[in-house]
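A.B. asks: Sharing a structure here in structure tokens format.
The values are calculated or read from the model by the stated rules, or taken from the named source; none is laboratory data. Given the structure is predicted, the values throughout are model-derived calculations rather than measurements. Glycine gets a Cβ as well: all are built from the backbone with ideal geometry, and neighbour counts include every protein chain shown. Accessible surface areas use protein heavy atoms only, side chains included; no ligands, DNA or RNA. Shrake-Rupley method; radii C 1.70, N 1.55, O 1.52, S 1.80 Å.
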Amino acid sequence: MAMIDEPLYPIAVLIDELKNEDIQLRLNSIRRLSTIARALGEERTRKELIPFLSENNDDEDEVLLAMAEELGVFIPYVGGAEHAHVLLPPLETLCTVEETCVRDKAVESLCRIGAQMTENDIVDWFIPVVKRLAAGEWFTARVSSCGLFHIAYPSAPDQLKTELRTIYGQLCQDDMPMVRRAAASNLGKFAATVERSHLKTEIMSIFDDLTQDDQDSVRLLAVEGCAALGKLLEPQDCAAHILPVIVNFSQDKSWRVRYMVANQLYELCEAVGPEPMRADLVPAYVRLLRDNEAEVRIAAAGKELSSDSSQHVRSALASVIMGMAPVLGKDATIEQLLPIFLSLLKDEFPDVRLNIISKLDQVNQVIGIDLLSQSLLPAIVELAEDRHWRVRLAIIEYIPLLASQLGVGFFDDKLGALCMQWLEDKVFSIRDAAANNLKRLAEEFGPEWAMQHIIPQVLEKINNPHYLYRMTILQAISLLAPVMGAEITCQKLLPVVINSSKDRVPNIKFNVAKVLQSLIPILDQSVVEKTVRPCLVELSEDPDVDVRYYANQAVQACDQMMVSS
């Protein structure tokens, strides 16, 4: 009996499970749709499974969301792109449900399927779905239709294209604000597929209607359309059609629309080009900087904000203002931005100072290192001793870049002493970064420079009375050794490490064992046998268990080196 019913079994189980009261069972069943489809085969999936899913009226959003997601990748199970149209009916139904996330997923799946359909199938099957949804009685269908036009339009013949443009225009004037919002949100994608001749006439007319909508939620989405349409139009058309809209939006009675303009300002500047930007957008920008709403001022983030009473506004300003230097160019950066950088570098709030330091290289590319060193270096030296360790850390990480651009002479004069000072910082992260910093400097300026300016000062500090600082020096030696090479390591660094093996603190001794192990590949075999091994053997008999463990690890490394050579 089981053998006879075998082909019917998967669909029968699915039907039972999809009608089960337990939502988890229904969910699991939807998640297994691809397995069921494979069991049924392509033809039965098209003729039985998909129609069944179209009629399935589950009222749980979670189940519907899973179904919308699964159907988006179902083309291989129905026989490939030539049969993709059979997947449209269940997704069309899902585009009309009340839950937004289900509709969004259904639209996403329809777009994915539409992108794989042939032009003829789009005209025969996909466009009718778009038209039915756009004419839907319930607003949810009309909202969903807005996200499908950019897939349908390119394949349509001229007559149908005209009809689709007309329908989209009607959606932009729909009675329901939710539909107009969806139309505004998707206008950029749709406009990108429309021919240039219609772009300047019909699409701009649609756009004008949206920009004058009485609902601020529609107008703020039209702001995004400004940037998208601006990139599609010629510069002169952009200045004529888009620029006045942006200027009006920057004075909109709704703060949310003004916020959107402030937030999209970089994109809007790119769209309209340099001349209109200077003439019209800069005054609009100044208005946004003086806006009554803090959120608008944060989004605009400009000059007046460097003295804003809110530390969060100043922090937001610091994080974006450095990015304006490449846009403004050298002269404007020096005149307008440099005073703000210096003011923010001295801000009492550490996050503000951090946001400036972390982006210094963007300014350096624009104004050049000479001016940067004159104006900003005193502030950097001051921040090197900042009371907040994260600020000190950010400065350390910036030092190698600064060093490479300032050159050896300048670095020795101004920053050399700072790099040594950080090795004895109270915070471990600073000492650790300082040791890595020395290695990067040695790589930048070469072993000869390091031999003269780094090695003597580092080795002096091995006698620091505090063992934590002595450990930092050992770490610095292990990082510098590969850069310095075998000869200097053997002559200068190794004796200091060997000497530290007599330290009274166990932590120093087991770090000596670790450092010696890291030096083995650098040193000559004879030096390892005569100097390193005897020291490690002695440490392997130490009373402290950790010292013995690390010493034995290092001895094994010596033995492996002997075997391999």
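A.B. asks: Name the one entry in Pro521, Pro456, Pro495 that is under 45 Å from the mean Cα position of the chain (by Cα) and assigned to a helix (DSSP H, G or I). Give the steps one after another, and end with the answer.
C.D. replies: Details: Pro521 fails: assigned to a helix (DSSP H, G or I); Pro495 fails: under 45 Å from the mean Cα position of the chain (by Cα).
On inspection, the qualifying residue turns out to be Pro456.
A.B. asks: Does at least one position in region 508-530 carry a residue that is at pLDDT 85 or above, surrounded by fewer than 18 Cβ atoms within 10 Å (Cβ to Cβ) and touching an Asp or Glu at 6+ places or on another chain (Cβ under 9 Å)?
C.D. replies: Looking through region 508-530, none of the residues is at pLDDT 85 or above, surrounded by fewer than 18 Cβ atoms within 10 Å (Cβ to Cβ) and touching an Asp or Glu at 6+ places or on another chain (Cβ under 9 Å).
A.B. asks: Please identify the pairs in which a residue from region 494-506 that is farther than 12 Å from Ile477 by Cβ has its Cβ atom under 6 Å from the Cβ atom of a residue that is open to solvent by 40 Å² or more (accessible area, probe 1.4 Å) and outside any loop (DSSP other than H, G, I, E, B), counting only partners at least 6 apart or on another chain.
C.D. replies: Val505/Tyr467
A.B. asks: While we're on this one: Scan region 396-403 and tell me whether some residue there is β-branched (Val, Ile, Thr) and open to solvent by less than 50 Å² (accessible area, probe 1.4 Å).
C.D. replies: Yes, because at least one residue in region 396-403 is β-branched (Val, Ile, Thr) and open to solvent by less than 50 Å² (accessible area, probe 1.4 Å).
A.B. asks: Confirm whether Ala403 is at pLDDT 85 or above and under 33 Å from the mean Cα position of the chain (by Cα).
C.D. replies: Numbers: at pLDDT 85 or above: no; under 33 Å from the mean Cα position of the chain (by Cα): yes.
Criteria not met by Ala403.
A.B. asks: Look through region 177-233, keep the residues that are among the polar types (S, T, N, Q), assigned to a helix (DSSP H, G or I) and more than 32 Å from the chain's Cα centre (by Cα), and return whichever of them is nearest to Thr140 (Cα to Cα).
C.D. replies: From region 177-233, those among the polar types (S, T, N, Q) are 185-186, 193, 197, 201, 205, 211-212, 215, 217; that's our starting set.
With the extra rule that they be assigned to a helix (DSSP H, G or I), the set shrinks to 185-186, 197, 201, 205, 211, 217.
From what is left, the residues that are more than 32 Å from the chain's Cα centre (by Cα) are 197, 201, 205.
Details: Ser197: 31, Thr201: 29, Ser205: 25 Å.
Per the criteria, the residue is Ser205.
A.B. asks: It is to be established whether one or more residues within region 475-486 are surrounded by 19 or more Cβ atoms within 10 Å (Cβ to Cβ) and outside any helix (DSSP H, G or I).
C.D. replies: no
A.B. asks: Another question about this same structure. Can you spot a residue in region 124-147 that is surrounded by 15 or more Cβ atoms within 10 Å (Cβ to Cβ), of a type in the set (Asp, Glu) and assigned to a helix (DSSP H, G or I)?
C.D. replies: No: region 124-147 contains no residue that is surrounded by 15 or more Cβ atoms within 10 Å (Cβ to Cβ), of a type in the set (Asp, Glu) and assigned to a helix (DSSP H, G or I).
A.B. asks: Could I ask something else about it? Need the failing condition index for Leu164 against (1) under 36 Å from the mean Cα position of the chain (by Cα); (2) open to solvent by less than 10 Å² (accessible area, probe 1.4 Å), just the number.
C.D. replies: (1)
A.B. asks: Which one is least open to solvent (accessible area, probe 1.4 Å) among residues in region 543-565 that are touching a Phe, Trp or Tyr at 6+ places or on another chain (Cβ under 8 Å) and more than 11 Å from Arg533 (Cβ to Cβ)?
C.D. replies: Of region 543-565, the ones touching a Phe, Trp or Tyr at 6+ places or on another chain (Cβ under 8 Å) are 544, 546-547, 549-551.
From the residues that got through so far, the ones that are more than 11 Å from Arg533 (Cβ to Cβ) too are 544, 546-547, 549-550.
Working: Asp544: 44, Asp546: 74, Val547: 0, Tyr549: 121, Tyr550: 69 Å².
The qualifying residue least open to solvent (accessible area, probe 1.4 Å) is Val547.
A.B. asks: Among the residues in region 102-114, are any open to solvent by 20 Å² or more (accessible area, probe 1.4 Å), at pLDDT 85 or above and in contact with an Asp or Glu (Cβ under 6 Å, 6 or more places away or on another chain)?
C.D. replies: Within region 102-114 (the criterion being open to solvent by 20 Å² or more (accessible area, probe 1.4 Å), at pLDDT 85 or above and in contact with an Asp or Glu (Cβ under 6 Å, 6 or more places away or on another chain)), the answer is yes, since at least one residue qualifies.
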